Amino acid sequence: NNNNNNNNNNNGGGSSGALKKTLSRSSSTSEMKIPVPDFEELIGVDPEAAAEALMAATENRSKPMTTIKRHCTELQRRFPHGSNDLALLITELGVAFKCIRSQICDAPNTPLSALQAFANDQIHASLASTGLCCVIYSSLLNSTLPLENNSEVGSYIVVYNPLVGTPGTSMGTIFSVYHRKSESGSGGDSSDILNRPGYDQVASGYCLFGATTILTFSMGYGVHSFTLDFVSGHFVLSAPHIVLPKSGPIYSFDTSVLGSCVDGVKKYVDALEQPGAARVFRYDTNLVGNFHRVLTCGGILMMPGPQKKDLANYLAEAAPLAFLARQAGGRASVGKRPLLELSAWTLEMSVPLFVGSNKDVDALETCVLGHPVEEQNSFDPALLTKFELM
């Protein structure tokens, strides 16, 4: 065997020797006579068509996911007068909402009061250590909450309703942000919240916990909606620059209060329920879910009262939802005047709430007053469409 191996090595090793001879130093590609492949035969299509198809696939590939941080950065680039601190504040709230969502899903049989307490503590903990807030107010406790020890005092007042709805169905959180009016450097107090019109808000939003988790907010540059991606764990932009239709099919209110409403509201509801009105009634115990449906489809959400439990807390519910509606091209009213013109004189102040599409709120006011109320500070989201990010 060893002799055979030596013979093979001496003779070039059979076929390997032929290969060495073929690829000797004196050989060249021209001498090797390698045939040029017929690409048309190999791929079965015209090479130019294949190249065009590749270019089209490259252009149409999925765009990168837009997270809250990236979206806010883009807004800062387009609207330089905005605040990066405000974007950080929204991002911190997003972290709290993910924790709340996990608790709701992991403990579906937990009583509402326990879930509300957890949500309240989680939002407070997320905000208290940021160094961005001077006042944190929870409508659940009806009081301001302390900042974390040794943390910096910021410039923002955050008001929130930690959780509304019914366990086992959909639930939601509402928040609002103001810029402080007291001097910076010291802690704020309730005077930074009271006696300020709703127009003073610099941001507001809500998080809807249901089959999907949706965070919708505005920082004064239109309304944008983000959906929680369960794989990446990030809120991802799903609906930029939401625009409320001028009129819509949805009307939402608690029918049990209709008997005690003012006559104008009864008259309006009667008109909505006439045959051929093409209206759709949708209502559940989740204020956030009811508003989200109106915001995306158009229509009107009503909390007419007159009992306090049937009204909306001005600071933590009415004002933030009105701010969102206005930023989306809609409006909100208390029935006799624009809601955002009001200011809270107490932390627990509650008001009637009629919010949604322009024409629908106008029609409600016409039934109550005899004419719609002109809003001085109207907002047109179409002015922002040229800055659309998607």
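The values are calculated or read from the model by the stated rules, or taken from the named source; none is laboratory data. Note that this is a predicted model, so its numbers are computed, not measured. Because the Cβ atoms are built from the backbone with ideal geometry, glycine has one as well, and the counts that use them run over all protein chains shown. For the accessible areas, the whole protein counts, side chains as well, though only heavy atoms, and no ligand, DNA or RNA atoms are used. Shrake-Rupley method; radii C 1.70, N 1.55, O 1.52, S 1.80 Å.
State yes or no: is Val269 over 25 Å from Arg196 (Cβ atoms), modelled with pLDDT of 95 or more and more than 17 Å from the chain's Cα centre (by Cα)? Even if it seems obvious, please write down each step before you answer.
Numbers: over 25 Å from Arg196 (Cβ atoms): yes; modelled with pLDDT of 95 or more: yes; more than 17 Å from the chain's Cα centre (by Cα): yes.
Yes; evaluated as a whole, the condition is true for this residue.
Can you name every residue in the stretch 137-160 that is assigned to a strand (DSSP E or B) and open to solvent by 20 Å² or more (accessible area, probe 1.4 Å)? It would help to see each step written out before you state the result.
Of all residues in the stretch 137-160, those assigned to a strand (DSSP E or B) come to 137-138, 143-145, 156-160.
Residues satisfying the conditions are Ser143, Thr144, Leu145.
Restricting to the stretch 204-233, and then to whatever is among the aliphatic types (A, V, I, L, M) and either modelled with pLDDT of 95 or more or under 9 Å from the mean Cα position of the chain (by Cα) (or both), can you tell me which residue is surrounded by the fewest Cβ atoms within 10 Å (Cβ to Cβ)? Steps first, answer last, please.
Filtering the stretch 204-233 down to residues among the aliphatic types (A, V, I, L, M) leaves 208, 211, 214-215, 219, 223, 228, 231.
Next cut, either modelled with pLDDT of 95 or more or under 9 Å from the mean Cα position of the chain (by Cα) (or both) only: 208, 214-215, 223, 228.
Values: Leu208: 25, Ile214: 23, Leu215: 23, Val223: 27, Leu228: 20.
Here the residue is Leu228.
With respect to Val223, determine if the residue is aliphatic (A, V, I, L, M) and farther than 29 Å from Gln116 by Cα.
Values: aliphatic (A, V, I, L, M): yes; farther than 29 Å from Gln116 by Cα: no.
Criteria not met by Val223.
Mind checking which residues of the stretch 180-195 are open to solvent by 40 Å² or more (accessible area, probe 1.4 Å) and assigned to a loop (DSSP other than H, G, I, E, B)?
Start the filter on the stretch 180-195 by keeping residues that are open to solvent by 40 Å² or more (accessible area, probe 1.4 Å), which leaves 181-187, 189-191, 195.
Once the filter is applied, which keeps residues that are open to solvent by 40 Å² or more (accessible area, probe 1.4 Å) and assigned to a loop (DSSP other than H, G, I, E, B), the stretch 180-195 yields Lys181, Ser182, Glu183, Ser184, Gly185, Ser186, Gly187, Asp189, Asn195.
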